[in-house]
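What follows is a short report on a single structure.
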Amino acid sequence: MKRKEIRKRRKTLKSKSLAFAFEWKRRHWLLSGLLVFTILLYSGSLRQTFLAGWDDGEYIDNPDIQHLTVENVGSYFSTFYMGMYQPIPVLSFALNHYFSGSDATPYKFFNLLLHLVNILLVYFLARSLRRNEYAALLAAMLMALHPMHVESIAWLSARSTGLFTMFYLLALLAYWRYLEHNFRFKYIFIAFVFFLFALFSKSMAATLPMVLFVMDAWRRRSINKAAILEKIPFFIVSVIFGLVSIRAAASFGHIEVLEADYHLFDRIFLLSYGVAFYLVKLIFPLQLSAIYAYPAKTAGWLPAEYYLSFLLLILVAFGIYRLRRYRRETFLGFAFFILSVSMVLPLFWSRLFIVAERYVYLPYIGLFLVAGIWLKALIEGEITMSPMIRTRILALAGAWLLFFAVSTYTRTGVWQSTRTLMEDVVDKKRSSADQAFAWFFLGNVSDRDGNMQQAERYYSRAIELNPKHIQALNNRGIMRGSLGDFNGSLQDFNYAISLKANYAEAWYNRGIIRYQTGQSPDACNDWHKAAQLGFSQAQNAIRNYCK
């Protein structure tokens, strides 16, 4: 009897081992296939060049990046670049340049490599939270295929998004281990270290302390004194980096106080529109654009969709409340989304655009988890319905993923150059404000190519669509001055200054035109004003021409 029992146990163990090995192999091939398919989708981006005039040139041509030495590594951690504090991404650019010079392919490949790593991390996070293969695989597939993620991979300057997401997810995985292993200190310390790396990559990582409470709730941990105290170091560094980020953006003129153009009532609907926009694009990623400008008000009112967005959010909240199954997990997935996107929602201040596709590269993960949960319930028959309806829903989900893949492949081609990107914005005709920005950037491209007449026409088109586009006014003033139209140039600079009295560059450029037309005292006054506003080039003009 004993021998029979031993043989039976060995047989049982062997069958379990074989089942585990088969499951591991299946998972391995599915994930490998997903990664290879993702590489094929984004293969077009590897053949693209830098986007001149769309941040890429400003990074790649920066002397700090072109001349990496052991001695200047520390300077990356004490300098703002393009109005942002992101030393790790800048250091990665410097390493790219050190090893491959100005060849764009290695830069693009690094962005794609980050995306592949993040796909795997999303899979491991979803599997840790749900212990279910279907939920984890769908979350990873959505991360891999969603068209809203193209900007974060195809655009070199969005590397900070991929980097901070990687460290953010590693911090969440380490924190989950902390919860699973009886609150062992080493795991929360590892989470804190990854959190610091995420903050050194992008300020959006400052939301992680709030998301840690979502992880607690997912684990059904009580929010007690210990749970709060352990997160105090996370909140402290989060506030510090948040203040540094605001200072960096303000120093670059990258941030504006919204109340200058929108009162509190408006800003509530700007915020609701931002959230609703991302929710709609999650399911229907149509009419994607590199530019989503702030709306113009008509007779004191925002466009109708901004007010309707608030109604959509109420309906979504009511729908979650009415759920009978997985209400808790669905709510937590949405909480992950809202908390992690909160820093870039337009409530008190703004950057250049009201929404941006790269902003949801991380936050969408919370919604991908929700999608995985419901797919698992559908496949495993936890939702009561006829087999025919279940089959049709699964077929629709498959078609939905295929549509995402095709859209991602197509969208990647749009990022071929700054010109193709801006022409796409013009073709979409979303709004006059969007098109005005696109024509402005097309003007910059033409100026860079040496075609001043075409640049002047493009700037004029931008001003027709948005008469208060001060950057277009400033740049058209430069073009008109270069083409000999000094009166037109002065008109542009005068109007730009009347719209924004602290626009230092317009003061400086008007000084140049005044000097060229024999108005030296007025030119020096303009340069002194530009110098007071912090425009460094004005000091050189004062030293050379204002004796």
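Do you know which of the residues in the stretch 525-547 that are within 37 Å of the chain's Cα centre (by Cα) and of a type in the set (A, V, I, L, M) is farthest from A504 (Cα to Cα)?
That would be A538.
Out of curiosity, is Q86 in contact with a Phe, Trp or Tyr (Cβ under 7 Å, 6 or more places away or on another chain), among the polar types (S, T, N, Q) and assigned by TED's automatic domain parsing to the domain that holds L114?
For Q86, the condition - in contact with a Phe, Trp or Tyr (Cβ under 7 Å, 6 or more places away or on another chain), among the polar types (S, T, N, Q) and assigned by TED's automatic domain parsing to the domain that holds L114 - is not met.
Looking for something in the same structural domain as R47 (by TED's automatic domain parsing) and either closer than 16 Å to M143 by Cα or in a helix (DSSP H, G or I) (or both) - is there at least one such residue anywhere in the stretch 422-435?
No, because not a single residue in the stretch 422-435 is in the same structural domain as R47 (by TED's automatic domain parsing) and either closer than 16 Å to M143 by Cα or in a helix (DSSP H, G or I) (or both).
Only one residue in M143, M204, M148, M166 is over 30 Å from A377 (Cα atoms) and either within 23 Å of the chain's Cα centre (by Cα) or crowded, with 24+ Cβ neighbours inside 10 Å (or both). Which one?
The unique qualifying residue is M204.
Got a sec? Which of W415, W439 is in contact (Cβ under 8 Å) with a residue 24 or more places away in the chain and in contact with a Lys or Arg (Cβ under 6 Å, 6 or more places away or on another chain)?
The unique qualifying residue is W439.
May I ask you to list the residues in the stretch 54-78 that are more than 13 Å from H97 (Cα to Cα) and either outside the structural domain of F110 (by TED's automatic domain parsing) or surrounded by fewer than 19 Cβ atoms within 10 Å (Cβ to Cβ) (or both)?
Of everything in the stretch 54-78, those that are more than 13 Å from H97 (Cα to Cα) and either outside the structural domain of F110 (by TED's automatic domain parsing) or surrounded by fewer than 19 Cβ atoms within 10 Å (Cβ to Cβ) (or both) turn out to be D55, E58, V70, E71, N72, V73, G74, S75, F77, S78.
Give the residue that is farthest from the chain's Cα centre (by Cα), with candidates limited to residues of the stretch 460-478 that are of a type in the set (K, R) and either in a helix (DSSP H, G or I) or crowded, with 20+ Cβ neighbours inside 10 Å (or both).
Among those that are of a type in the set (K, R) and either in a helix (DSSP H, G or I) or crowded, with 20+ Cβ neighbours inside 10 Å (or both), it is R476.
Test of understanding: among N118, N96, which residue is in a helix (DSSP H, G or I), modelled with pLDDT of 95 or more and either of a type in the set (S, T, N, Q) or not assigned by TED's automatic domain parsing to the domain that holds K376 (or both)?
Sole residue among the options that is in a helix (DSSP H, G or I), modelled with pLDDT of 95 or more and either of a type in the set (S, T, N, Q) or not assigned by TED's automatic domain parsing to the domain that holds K376 (or both): N118.
Would you check if S128 is among the small types (G, A, S) and farther than 19 Å from H28 by Cβ?
No: the conditions fail for S128.
Under the condition of being farther than 26 Å from A144 by Cβ and at pLDDT 85 or above, which residue from the stretch 369-389 is surrounded by the fewest Cβ atoms within 10 Å (Cβ to Cβ)?
Step by step, filter the stretch 369-389, then rank; the result is M388.
Does the stretch 422-436 hold any residues that are crowded, with 23+ Cβ neighbours inside 10 Å and without any contact (Cβ under 8 Å) to a residue 40 or more places away in the chain, and which are they?
Q435
Listed residues I228, I188; which is surrounded by fewer than 15 Cβ atoms within 10 Å (Cβ to Cβ) and either outside any loop (DSSP other than H, G, I, E, B) or aliphatic (A, V, I, L, M) (or both)?
I228
May I ask you to say which residue of I60, I39 is within 21 Å of the chain's Cα centre (by Cα) and either closer than 30 Å to Y123 by Cβ or modelled with pLDDT under 65 (or both)?
One residue alone meets the criteria, I39.
I'd like the full set of residues that are touching a residue at least 12 places away in the same chain (Cβ under 8 Å) and not in a helix (DSSP H, G or I), limited to the stretch 263-285.
P285
Does Y81 qualify as being in contact (Cβ under 8 Å) with a residue 40 or more places away in the chain, surrounded by 16 or more Cβ atoms within 10 Å (Cβ to Cβ) and within 30 Å of F440 (Cα to Cα)?
The answer is no for Y81.
With respect to Y503, is the statement that it is buried (at least 17 other Cβ atoms within 10 Å of the Cβ) and over 30 Å from F353 (Cα atoms) true?
no
Just checking, how many residues over the stretch 479-504 are hydrophobic (A, V, I, L, M, F, W, C), touching a residue at least 24 places away in the same chain (Cβ under 8 Å) and not in a helix (DSSP H, G or I)?
Qualifying residue count for the region: 1.
Would you kindly identify the helices (runs of 4 or more DSSP H) lying entirely within the stretch 302-415 that contain at least 1 residues that are under 23 Å from L271 (Cβ atoms) and not assigned by TED's automatic domain parsing to the domain that holds L286?
Correct list: empty, since no element meets the threshold.
Return yes when L125 is assigned by TED's automatic domain parsing to the domain that holds T330, touching a residue at least 60 places away in the same chain (Cβ under 8 Å) and crowded, with 22+ Cβ neighbours inside 10 Å and no when it is not.
For L125, the condition - assigned by TED's automatic domain parsing to the domain that holds T330, touching a residue at least 60 places away in the same chain (Cβ under 8 Å) and crowded, with 22+ Cβ neighbours inside 10 Å - is met.
Give the residues of the stretch 199-220 that are of a type in the set (A, V, I, L, M, F, W, C) and more than 20 Å from G74 (Cβ to Cβ), sorted by residue number.
Answer for the stretch 199-220, where residues must be of a type in the set (A, V, I, L, M, F, W, C) and more than 20 Å from G74 (Cβ to Cβ): M204, A205, A206, L208, M210, V211, L212, F213, V214, M215, A217, W218.
Go through (1) at pLDDT 95 or above; (2) aliphatic (A, V, I, L, M); (3) touching a Ser or Thr at 6+ places or on another chain (Cβ under 8 Å) and name the single condition L212 misses.
Evaluating L212 over (1) at pLDDT 95 or above; (2) aliphatic (A, V, I, L, M); (3) touching a Ser or Thr at 6+ places or on another chain (Cβ under 8 Å) leaves (3) as the failure.
What pairs come out if I take residues in the stretch 532-547 that are under 14 Å from Y515 (Cβ atoms) and of a type in the set (S, T, N, Q) and pair them with residues that are at pLDDT 85 or above and in a helix (DSSP H, G or I) whose C-beta lies under 7 Å away, six or more apart or interchain?
Q537/Y508
The values are calculated or read from the model by the stated rules, or taken from the named source; none is laboratory data. Note that this is a predicted model, so its numbers are computed, not measured. As a convention, Cβ positions derive from the backbone with ideal geometry for all residues, glycine included, and neighbour counts pool all protein chains shown.
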